[in-house]
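First up is the structure itself, then whatever we jot down about it.
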Amino acid sequence: MSELPTGTLTFVFAVVEVPKDLRQKVGDRLDEILSRAYSMVSERLSAQDGIAMPTEGDSLFFVFPIARKAVDAAVAAQRAMAGHEAGLAVRIGMHTGEARLVGGDYRGIDVHRAARIASAAHGGQILVSDPTRLLAESSPGEGYFLDVGEHRLKDLESPEHLYQVGAPELRADFPPPRSLQSRPTNLTTPPSTFIARHAELGDIKEMVKHHRLVTLTGPGGTGKTRLALEAASELREFFDDGVFVVFLAGLSDPGLVQATVAQALGLRQQGLTPIGDTVTEHLTGKQMLLYLDNFEHVLPAARFVAGLLEATRELKILVTSRAALRLASEQEYPVPSMTLPQADDTTAAALAGSEAVELFVHRAKLVKPDFTLTDANGAAVAQICRKLDGLPLAIELAAARIRLLDPQDLANRLDNSLALLTGGARDLPARQQTLRNTIAWSYDLLGDRERSLFTRLGVFAGGFTLEAAEALAGGDVMDDLEHLVEQSLLKAEFKGTGTRYWALEPVRQFADELIGLSEQGAQIHQAHADYFAGLAMTAQPLLQGPQQLEWLGRLDDENDNLRAAMAWALGAGRGDVGAR
């Protein structure tokens, strides 16, 4: 067929399902076996005037001008696959509607609906929508239609009425379709729209598919919980026994984690049986995703998580925490800040690719519906996002101020972002209603030595080296520094000139506030100024010799620190230090 048909068409998706233990049985032959199976299905669909279309992933996508032929082709494909020697089975879904032709491909909601119907089918089953059934029943052909009811399918607003196609020689006894309501869950619809971050979302979903324990780490306000909730929601179709979230932020005792998990799963104490054993027994044999939110302050309970993974085979666990659990099976995913605009991006068109800008504009519209990103305010919006280091919570709190301040006024006031960024939504936890509360939540989890070091590190501007940190602390700080990195209060960056440590600007401002409240504030600034005065004196003679490039690079890294040290020295009346 030289031209692709248009108008009312039937869209068919077919996916070959692989038994979980097949790869162990056939080894390297799996790809060959799968290829033959897909060829077998493709031949049957093509034989009834089906037109093969390009698709991503492991599904076949065919388009049929006639619904009756699509159903007959699907029956033929299932008969060919029945009793496959390797145990493979194909699930087929179809829907009849219209779509746009874009670059030789069909696109639109009706194509998407067919794909979702295929996702709801089981191996060996054919599911069709009501429009397909009505058209196919009007013409003689193979099979009959069994009503399996209305089902909510992922990404579709309204329930879909589905029918199973039956025919001689085909299996008829299938469980209910794999729709959203057929998988138990305690997830609720998040109160805010998920904005941008689709690359991160895709990464997390792939990690959960390939690892049993995935931990999202990052400082407070990076959007770990929102990302995890979105990932958990989109992964529901892959877990027959459901997806359950357990919120741990309200706990103060790690020993209560087991009981909190049990409560989320609807379990009760059984006599004298420990509640942890009840949870483990319930999860054994379950194909379930358990999402544990805010684990950082109950880290000793990681032993319970390890025990669950050891006792079960198909359970998967998604965790959000400011520190990793440090378990052998753990796959850590440090959640990055949102992408920022380039330094010279100021027009609305140029800023459109920035996740941070997209979030700011969307949240600003919630409080000021007529707010629009324009070439006139673009530079100020970009400045806001850069000053907040792309931290989602900070951006959302800043956007809420648009009802009172225009973007340029807001940008000008962000040098003290902790004081400005308050007044978050009342239905958020108290620690998320202001940026200061969010950072304080992490700070309160530190030990005394780590708090002392964190406070001292607030004097640095633009990052610092291990050597500089040791100079200010007066000794070895490696272990405490590592813990601050693990708690996501600091980040480590490996550069050609060595490892540098730095904090997101709101976190640095919080530490700087602590210096101002500390009795040792003047001593900390003095130690900082003395260290960088010494560095400058060391560098002076070396800027003319063979080490010139190396020292120019070091001084470039420390430019902000040198300026901050000089400013303090002059303000404190220490002109001698400033001169050095």
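The values are calculated or read from the model by the stated rules, or taken from the named source; none is laboratory data. Quick caveat, the model's predicted, so the values are computed rather than measured. As a convention, Cβ positions derive from the backbone with ideal geometry for all residues, glycine included, and neighbour counts pool all protein chains shown. Calculation scope for accessible area: heavy atoms of the full protein, side chains included, ligands and nucleic acids excluded. Shrake-Rupley method; radii C 1.70, N 1.55, O 1.52, S 1.80 Å.
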### Summary
A correct Karplus calculation of ³J(HN,Hα) over the stretch 249-266, with 6.51 cos²θ - 1.76 cosθ + 1.60, θ = phi - 60°, whole Hz and x for Gly and Pro, returns 4, x, 7, 10, 10, x, x, 8, 4, 4, 5, 5, 4, 4, 4, 5, 8, x
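Using the crude model of +1 on Lys and Arg Cβ and -1 on Asp and Glu Cβ, and no other charge, please compute the dipole size for the chain relative to its Cα centre, in debye to 20.
Numbers: 56 positive and 76 negative charges, 163 e Å.
Its charge dipole is roughly 780 debye.
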### Message
Here are labelled values, [x] 0.99; [y] 1.37; [z] 1.19, and one is the computed Cα Rg over 2.2 N^0.38 Å for what I pasted. Which one?
### Response
[z]
### Query
Ignoring ligands, DNA and RNA, what percent of the accessible area of the stretch 353-418 is carbon or sulfur (1.4 Å)?
49 percent
### Calculated from backbone phi, Karplus (6.51, -1.76, 1.60) coupling profile of the stretch 213-229 in Hz, x at Gly/Pro
10, 10, 10, 8, 10, x, x, x, x, 7, x, 4, 5, 5, 5, 5, 4
### Task
Keeping the other protein chains in place, figure out the carbon and sulfur percent of the accessible area of the stretch 102-196, with a 1.4 Å probe.
51 percent
### Task
Counting only heavy atoms of the protein chains, get the accessible area per residue of the chain (1.4 Å probe) and round it to a whole Å² value.
47 Å²
### Task
Report the accessible area of ASP479, computed with a 1.4 Å probe over the heavy atoms of all protein chains in place, in Å² rounded to the nearest 10.
110 Å²
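Restricting attention to the stretch 312-367, which GluC sites (Glu not before Pro) occupy a DSSP loop and are surrounded by at most 16 other Cβ atoms within 10 Å?
Working: sites: GLU314, GLU330, GLU332, GLU355, GLU358; in loops: GLU314.
Sparse-neighbourhood loop GluC sites (Glu not before Pro): GLU314.
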### Summary
Non-local residues with an amide H under 5 Å from the amide H of VAL245, with H modelled 1.01 Å from N and Pro and chain starts lacking one, are ASN186, LEU187, TYR291
### Task
Rounded to the nearest 10 degrees, what's the angle between the helix 355-367 long axis and the longest principal axis of the chain, both from Cα atoms, 0 to 90?
90 degrees
### Task
Specify which residue in the list HIS211, THR273, LEU227 is farthest towards the positive end of the charge dipole of the chain, using unit charges on the beta carbon of Lys, Arg (+1) and Asp, Glu (-1), about the Cα centre.
THR273
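What does the charge count around THR222 come to, taking other residues whose C-beta lies under 13 Å from its C-beta (Lys +1, Arg +1, Asp -1, Glu -1)?
Working: positive: ARG197, LYS224, ARG226, ARG322, LYS491; negative: GLU200, GLU296, GLU355, ASP389, GLU396.
Net of charged neighbours comes to 0.
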### Query
What part of the accessible area of the stretch 449-580, given as a whole %, is carbon or sulfur when the probe is 1.4 angstrom?
52 percent
## Note on the structure
Along the stretch 390-402, Karplus-curve 3J(HN,Hα) (6.51, -1.76, 1.60; θ = phi - 60°) to the nearest Hz, with x for Gly and Pro, reads x, 7, x, 4, 4, 5, 5, 5, 5, 4, 5, 7, 5
